[in-house]
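Before any comments, here is the structure.
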Amino acid sequence: MAKKINAVASGHELTSYTAKEILKAGGNAFDAAIAAYLSMFVTEPHMASAGAAGFATTYQNGKCKFYDFFCQTPRSKASRDKIDFYPITVDFGNEQEVFHVGLASAAVPGTIAGIWKIHQDLGRLPFKELIVIPSQLATEGVQLNNFQAYDLKLLAPIAKNSLEGQKMFFKDDEPKKVGDSMTIPELPDFLSFLAEEGANGFYKGEIGRKIAYDTQNKGGFLSRKDFENYKVIVKKPIALPYKGMHLQLPNLPSLGGMLTGIVLNSKDKSLESNLIYTNTLLRSTDYLKTAFEERTGVQIHDDIFNTNFKGTSHLNVIDSEGQAISLTTSMGEGSGYFIPGIGQQLNNMLGESFLLPEGFHKWKEDIRMSSMMSPTMILNSAKELVFAGGSGGASRIPFAIAQVIKNIYEHGMPLGDAIEAPRMHYQEDIMNLENETLLKQIKYKEKLNIWNKKSIYFGGVHALAKINGEWEAKGDSRREGHGEVF
């Protein structure tokens, strides 16, 4: 008889701790993931929030489902005398990047609707039991680790533009540093409210009304109807063959699923040539769709809008019953607007210039936005789960996941080695190599950027994998991730 195990891999030790405690208390994988996601509001506050959105792939009884709770564009972009939309420069050291934030950069968030739908469909424990640890973390505080402090330093110009952001992320007028404590005093009451009122309390109640009032009166586009009409979409993942197994890739509006599928299903086994080829597909989403259908024979019927590449994190959970979930979340860089009374920042998905080639505020109304986020699963020939993983890392997400999968199933690496191995990424005619040892693997020598250090640029893959009959769990050290089998 196979040994029954639980396993978790996430972007923070306390996120994993939350999931572990829920599993020990009798919850299933979906309960554990919901509680862990709520803890991420404190442990990874620039990645996860009630104002964010995400995707999840679930596994139960040999079948997978894909939950789309990503951002929706507002139903109207009626003209305003003055909109709350302004640039913020983020200094990365060797380069600077300009992001646009403010209320007019916010799309409809899907986080709360998503976790509530997953709980309704698949959860076991009462929601009120899932909020206990996240509430404790919010009250007692979480000490910033190196990755959190680095992330906060980068995004400090956004957080500093509001009193809520200053209070949460600053100390003595400076961004909090490693070892400083992060608390969200308003979060426990908000989570208790959710436990009583559910998602309707957020979207159709006072919170949605507050956000709509502020956006309508202070220069944004979100309205009451945007919140009242938001829906979670559940569909089948994209299924593709791979090495005698079954890839379960996120369906649209994820573009990352198609890119991962192309890399892993290409007849040309060279990672280098596949990275170069798929990079050209990013210039046109219609071209990507056509290329995927031609390469795989799988038809994609949904419409594609635009793509979000920013501020992401990931978690995976498997329980002793063999049920599992792979969940990725994003809030962009954050809009700088904090939802009144709950200490949660709203996304800035409409503030990304590269998503809007025709110019800012040219987005289509009332359409689901797309993303590179790619919560991925692999089933063996008997339809048993053998891999669950995903990544943060902007446009590098699907390529980071594909490289980890190739390391395991084509190069025979244990999960830890597969995740920690140096990666490559091709973008804007430049081949980025995480380590010079990769030089011997490539022919492209025209424009090289050799990092010779691990970097969050190359993603943060957190994953679970069953190798040689044993489950392994690993969080990517690039983002101080954590994995545990128990």
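The values are calculated or read from the model by the stated rules, or taken from the named source; none is laboratory data. Here the structure is a predicted model, which means the values were calculated and not measured. With ideal geometry, Cβ positions are generated from the backbone for all residues, glycine too; neighbour counts draw on all protein chains shown.
Considering only residues that are over 30 Å from F338 (Cα atoms) and more than 21 Å from the chain's Cα centre (by Cα), look in the range 225-242 and name the one that is surrounded by the fewest Cβ atoms within 10 Å (Cβ to Cβ).
Quick first cut of the range 225-242, residues over 30 Å from F338 (Cα atoms) only: 235-242.
With more than 21 Å from the chain's Cα centre (by Cα) added as a condition, the list becomes 240-242.
Numbers: L240: 22, P241: 11, Y242: 17.
Result: P241.
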Search the range 211-224 for residues being under 26 Å from the mean Cα position of the chain (by Cα), part of a helix (DSSP H, G or I) and in contact (Cβ under 8 Å) with a residue 24 or more places away in the chain, and hand back the single one that is nearest to E186 (Cα to Cα). I211
Single condition M431 does not satisfy, out of (1) part of a loop (DSSP other than H, G, I, E, B); (2) in contact (Cβ under 8 Å) with a residue 12 or more places away in the chain: (1)
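Looking only at residues that are out of contact with any strand residue (DSSP E or B) (no Cβ under 9 Å at 6 or more places or on another chain) and part of a helix (DSSP H, G or I) in the range 139-160, which one is nearest to E44 (Cα to Cα)? Steps first, please.
First, pick out the residues of the range 139-160 that are out of contact with any strand residue (DSSP E or B) (no Cβ under 9 Å at 6 or more places or on another chain): 139, 145-146, 150-151.
Within this subset, residues satisfying the condition of being part of a helix (DSSP H, G or I) are 139, 146, 150-151.
Details: T139: 15, N146: 12, Y150: 12, D151: 9 Å.
Looking at the filtered set, the residue picked out is D151.
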Return only the number of the condition from (1) part of a helix (DSSP H, G or I); (2) of a type in the set (A, V, I, L, M); (3) within 19 Å of L152 (Cβ to Cβ) that I34 does not satisfy. (3)
Checking D81 against (1) assigned to a loop (DSSP other than H, G, I, E, B); (2) of a type in the set (D, E, K, R); (3) in contact (Cβ under 8 Å) with a residue 24 or more places away in the chain, only one condition comes out false. Which one? (3)
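Condition check ((1) surrounded by fewer than 24 Cβ atoms within 10 Å (Cβ to Cβ); (2) closer than 24 Å to K218 by Cα; (3) modelled with pLDDT under 95) across all residues:
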{"residue": "M47", "(1), (2), (3)": "no, no, yes"}
{"residue": "A52", "(1), (2), (3)": "no, yes, no"}
{"residue": "Y86", "(1), (2), (3)": "yes, yes, yes"}
{"residue": "E95", "(1), (2), (3)": "yes, no, yes"}
{"residue": "V98", "(1), (2), (3)": "yes, yes, yes"}
{"residue": "A107", "(1), (2), (3)": "no, yes, no"}
{"residue": "K117", "(1), (2), (3)": "yes, no, no"}
{"residue": "L125", "(1), (2), (3)": "yes, no, no"}
{"residue": "E140", "(1), (2), (3)": "yes, no, no"}
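Every residue, every condition in (1) surrounded by fewer than 23 Cβ atoms within 10 Å (Cβ to Cβ); (2) within 24 Å of the chain's Cα centre (by Cα), yes or no:
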| site | (1), (2) |
| --- | --- |
| G244 | yes, no |
| P250 | no, yes |
| S254 | no, yes |
| T260 | no, yes |
| S266 | yes, no |
| K269 | yes, no |
| E272 | yes, no |
| N279 | yes, yes |
Cβ pairs under 8 Å, 6+ apart or interchain, first in the range 1-22 and over 16 Å from I34 (Cα atoms), second buried (at least 17 other Cβ atoms within 10 Å of the Cβ), ordered by first then second residue, are I5/I318; I5/W471
Failed item, numbered, when A25 is tested on (1) at pLDDT 95 or above; (2) of a type in the set (A, V, I, L, M, F, W, C); (3) buried (at least 24 other Cβ atoms within 10 Å of the Cβ): (3)
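Each row is one residue, and each column tells you yes or no for (1) modelled with pLDDT under 95; (2) of a type in the set (S, T, Y); (3) surrounded by 21 or more Cβ atoms within 10 Å (Cβ to Cβ).
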residue: G393; (1), (2), (3): yes, no, yes
residue: R396; (1), (2), (3): yes, no, yes
residue: K406; (1), (2), (3): no, no, no
residue: E420; (1), (2), (3): no, no, no
residue: Q427; (1), (2), (3): yes, no, no
residue: N432; (1), (2), (3): yes, no, yes
residue: Q441; (1), (2), (3): yes, no, no
residue: N449; (1), (2), (3): yes, no, no
